[in-house]
1. Can you confirm whether LEU333 is touching a helix residue (DSSP H, G or I) at 6+ places or on another chain (Cβ under 6 Å) and farther than 20 Å from LEU498 by Cα?
2. Answer yes or no as to whether VAL506 is in contact with a helix residue (DSSP H, G or I) (Cβ under 9 Å, 6 or more places away or on another chain), assigned by TED's automatic domain parsing to the domain that holds VAL438 and part of a helix (DSSP H, G or I).
3. Kindly provide the set of residues from region 71-104 that are in a strand (DSSP E or B) and either surrounded by fewer than 24 Cβ atoms within 10 Å (Cβ to Cβ) or at pLDDT below 95 (or both), ordered by number.
4. From ILE187, ILE269, grab the single residue that is under 30 Å from LYS85 (Cα atoms) and over 24 Å from the mean Cα position of the chain (by Cα).
5. When you scan region 202-219, do you find a residue that is among the hydroxyl-bearing types (Ser, Thr, Tyr), in contact (Cβ under 8 Å) with a residue 60 or more places away in the chain, touching a Gly at 6+ places or on another chain (Cβ under 9 Å) and under 28 Å from MET502 (Cα atoms), even just one?
6. If you take the residues in region 17-49 that are among the charged types (D, E, K, R) and in contact with a strand residue (DSSP E or B) (Cβ under 6 Å, 6 or more places away or on another chain), which one is farthest from CYS496 (Cα to Cα)?
7. Any residue that is among the small types (Gly, Ala, Ser) and at negative phi - is there at least one of those in region 182-193?
8. Looking only at region 254-292, count every residue that is farther than 21 Å from VAL20 by Cβ and either free of Cβ contacts under 8 Å to residues at least 60 places away in the same chain or not in a helix (DSSP H, G or I) (or both) and tell me the total.
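The values are calculated or read from the model by the stated rules, or taken from the named source; none is laboratory data. Predicted, not measured: the structure shown is a model, and the values here were computed from it. Ideal geometry is used to build each Cβ from the backbone, glycine not excepted, and the neighbour counts take in all protein chains shown.
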Amino acid sequence: MSKDQYVIGVDYGSDSVRSVIINTNNGAELASSVFYYPRWQKGLYCNPAKNQFRQHPLDYIEGLEQSIKDCIQKAGGAFVATNIKAISVDTTGSTPVAVNQQGLPLALLPEFEANPNAMFVLWKDHTSVKEAMQINQHAALQDTNYLKYCGGIYSSEWFWAKLLHILRADSEVRQACYSWVEHCDWIPFLLTGGSDISKMKRSRCAAGHKALWAEEFNGLPPNDFFKSLDPLLDGYTDHLFKDTYTSDESAGKISKEWASRLGLNTDVIIGVGAFDAHMGAVGGQIEPYYLSKVMGTSTCDILAVPQADIDGLLIKGICGQVNGSVIPGMLGLEAGQSAFGDIYAWFKEVLSWAVKNLLRNSTLLDANTLAALEQELLDQIIPQLSKQAAALVKTDDDELALDWLNGRRTPDANQELKGLISNLDLGSDAPRIFRALVEASCFGAKNIVDRFIEEGIPVKGIIGIGGVAKKSPYVMQTMADVLNMPIRIHQFEHTCALGAAMFAAVAAGIYPDVETAMKEMGSGFDQEYFPQAENVSYYEDRFLKYKALGAFIEESTKEHHITENV
């Protein structure tokens, strides 16, 4: 193997895209670059009050080009560029978009350039709650259980619910929409110069976990299933896919246009895409039965299990079990929480109201000092809350919260649920409320671990990756105490991008398989959190209260909807 073989991993997150250049010999990072989506930062095309979160494809295209070019420049320019062998991409998901027959997202056409329904529907967009509910009701009437490999419950965060909602909501988009494409499939298609949607290589990861694709069904459920759900879906399976591809495979070579735009040669291999947490699990050196938790705005929890060990088990209430979605030849199991870091960000925003709305009107300081002071205060909120929350004495009367501020992903998806903070009194200050929110997010994580164990899948330990895992010791220690399990933190900062780079190395033939790439390019772990015995029993009791509170709210929500529909 050449000493100068490099690969690029591209990680599309909710707020930004990051590219890294990795030396395939040892996994060392030569350079990284992050690009924040400018339209997203302005809040364009989104309406949080309606749970509408859309992203313009131009944010993705501009980010792809600028982050890669900046990486190459930082790493050494033309010399490095000539030795780049492959690029692989991970994205959030399910984040699909309406495309024409050429595979072009409709928002890139002049007539749809400002239409949110023609843009990518971000994973956290919950405008299709009604459609998800109808899919679940419809599936229950079928002779074949088409939801058996996605935990038995279809979610509004997923492929078909979002498609049906867009088709119903916008007749112009409906007329122009030829197919429906995941973000992780479209970027490789773009880089390879694809111009015929029927030739797009669709990701096994995305198709199996979010779009009801299964080997047992020989592809997607039949057209009759979707047509009888809603005639608007009639014929869509003909414009989608039957075959899927694991991410160790090549999607093709980079097009001349993109090679020129990025300063690369035309021999660069483009790998099949996947979702961020799945590639992140590989970047974090996942092991069988160790739960990889990608902890960012939400969490995505991944287990890899040898096929022979499953023996026909169907895990209820998770986000799918798919052969080869993480490591080819093994079964990938996915779960997660719809809000995690987003909970802390929401509370920070609440506390920041006075800073942002009152401090700016001060006549005592000049504009530059005001701006610097505002940023200093905002930067200190979470670290100071964490420090003071950790120092609080624990009692049976502490505030208690539910982590469903963006609904519940798993176990048992229900995006209609809301968050809650209980046991408030006049002594409930910001650190106490923050502590309750952190505990709730960790209780949500325990619910997931417990579901796997109850369903016959052991969890031997936790691998923590992502921004929260790296930057929030208070959260990680609380989680170790709540789970009563050690948590290893992977030392590589951009683990999802590293995982994409590992897949790129395999797609290019530099390594024979994903396991070898993980071994040779992995950087190991730099921190481990262990449960503190004095806290474990306290949290065991608190968790029971959390579950009781959750059951009460879920039943109340159900009764409310029954009353609404009467």
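1. no
2. Considered against the rule, which asks whether it is in contact with a helix residue (DSSP H, G or I) (Cβ under 9 Å, 6 or more places away or on another chain), assigned by TED's automatic domain parsing to the domain that holds VAL438 and part of a helix (DSSP H, G or I), VAL506 comes out as no.
3. Answer for region 71-104, where residues must be in a strand (DSSP E or B) and either surrounded by fewer than 24 Cβ atoms within 10 Å (Cβ to Cβ) or at pLDDT below 95 (or both): just LYS85.
4. ILE269
5. Scanning region 202-219, I find at least one residue that is among the hydroxyl-bearing types (Ser, Thr, Tyr), in contact (Cβ under 8 Å) with a residue 60 or more places away in the chain, touching a Gly at 6+ places or on another chain (Cβ under 9 Å) and under 28 Å from MET502 (Cα atoms), so the answer is yes.
6. Taking region 17-49 as the starting set, the residues that turn out to be among the charged types (D, E, K, R) are 18, 29, 39, 42.
Now drop any that are not in contact with a strand residue (DSSP E or B) (Cβ under 6 Å, 6 or more places away or on another chain), which leaves 18, 29.
On the way: ARG18: 9, GLU29: 13 Å.
The selected residue is GLU29.
7. no
8. Count: 8.
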